[in-house]
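Undergrad: My questions will all concern the structure given below.
The values are calculated or read from the model by the stated rules, or taken from the named source; none is laboratory data. Computed from a prediction, not measured in an experiment: that's the story for all the values here. In this analysis, Cβ positions are derived from the backbone assuming ideal geometry, glycine residues included, and neighbour counts consider all displayed protein chains.
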Amino acid sequence: MSTTCTRCEGTGFLNIDQIPEGEFDFCNEMGKDFHAEILKWIERNKDHDVQVCDCCGDGENWYGEPGEHYNSEDPPGPDGPYAYNGGLCECH
Ligand SMILES: [Zn+2]
């Protein structure tokens, strides 16, 4: 059971719209390792705010599948990854 992260709209990235159109063939990249390709783009390019989502991830890596929250990995309380937010992921 997972829920799509609304903060990044399931892409796993914030500000992904800053990547110029035409930079990726998203339809094809989705089938390949889309997230790895975007991470490489982020490394190659410095003048942008594109980053790993800080809701389904921590800004550098994802807690689970990019763009998704797994209930089992989204526990309430002080031990979960969202403990700083009262145990709730930020998009909920
Ligand atoms: Zn997210």
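Undergrad: I'm told G80 meets every condition in (1) buried (at least 16 other Cβ atoms within 10 Å of the Cβ); (2) of a type in the set (G, A, S); (3) modelled with pLDDT of 85 or more except one. Can you identify the failing condition by its number?
TA: Exception for G80: condition (3).
Undergrad: Does any residue of region 30-38 turn out to be more than 19 Å from T3 (Cα to Cα), at pLDDT 85 or above and crowded, with 18+ Cβ neighbours inside 10 Å?
TA: yes
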